[in-house]
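Everything below concerns the one structure shown next.
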Amino acid sequence: MKTNYPINHFVENLEDESAIPEKIADGIRKTVEDFAGRFAGLDEVKASQKTQPDKWSRKEILGHLIDSA
C-alpha cells in the first residue's frame with residue numbers, strides 16, 4: 001500500500017531546518033490517519049487474507065509495523 005504522504009514532501013523546500021522534526025511528525029500523523037481510514041473498512045476475514053501463500057496478510061503487516069515501532 002503506497003502512502004499519499006511521503007515524508008520528503010513535508011521537509012523539502014524548508015528554509016528553517018528547525019521546523020523539520022515538526023514537519024516529519026505531521027507527515028507521520030497524516031500517514032497513520034490515512035492508513036487507519038483505509039484499514040477501517042476491512043473486516044477480519046479480508047484483513048487476514050493473503051494475496052499469495054508466501055506473502056503476509058494486511059493484518060500481519062500491521063502487526064509487524066506495530067511490533068517494530
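Quick note: the coordinates plus some simple rules give every number you see, no bench work behind them. Please read all numbers here as calculations on a predicted model, not as lab measurements.
Over 30 Å between C-alpha atoms is what I'm after, so list which of K30/K55; K23/K59; K23/K50 land there. From K30/K55; K23/K59; K23/K50, over 30 Å: K23/K50.
Less than 5 angstrom separates the built amide H of S57 from none of the residues sequence-distant by 5 or more or on a different chain.
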